[in-house]
Structure formats: C-alpha cells, structure tokens
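Scroll down for the structure; my scribbles are underneath it.
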Amino acid sequence: MDQGYLLAKFSSIMTAPENQEMIRQYGMQQAINDSLKMMEQMRPIDYALNVLTMNILLGIFLGLPIAALTRRDVAANGGQDNQQIVNR
C-alpha cells in the first residue's frame, strides 16, 4: 500500500545511533528485530482488520460505562412526565 515507506521509517528510527544505544541498554534488540520482521510480513488487510477489531472493542468497553453514567431513569408512571416536557 505504501510501498514499504512506513516500515522503512520504523527501521531507520530503530537504527539511529542514539536509539541503538538505548535498545542495547534495555536488552531489546531481539524483540525489535522480531517486531520489524512481523510487521514486514503483515498484509494491509491484516492492519485493517486489527484496527476494525480494536474500534469495535473500544466502542463496547467505552460505550457501556458512558451509557450507564448518562442514562435517564424512566418514571414509575410509564414515562408520562417525559411526554409532558416534550409537548410543552
């Protein structure tokens, strides 16, 4: 899709001397290499499906608490109070 531009940018960031020193100090060289190889093998549809799945899950997990916090209680008389407010 981007002809490898994004992966090339990630790779150049990770191979910068200041980043190489930090990666070496944290002992993450193998993890970085594995991550770059995994990203290289992913197809654009894989990225799209990952983002879609993340959006659906975030929508559920964020929507339910927000709905619970902002819900309105219906009056015991069947919501007639709400109808009177609307009709005014």
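The values are calculated or read from the model by the stated rules, or taken from the named source; none is laboratory data. Just so it is clear, the model here is predicted, and its values are computed rather than measured. No Cβ is skipped: glycine too gets one built from the backbone with ideal geometry, and neighbour counts run over all protein chains shown.
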Original post:
So which residues in the range 1-24 are of a type in the set (Asp, Glu) and part of a helix (DSSP H, G or I)?
Top reply: Glu18, Glu21
Subject >> Index of the failed condition, Thr53 passing every other in (1) modelled with pLDDT under 90; (2) closer than 25 Å to Asp2 by Cβ >> reply: (1)
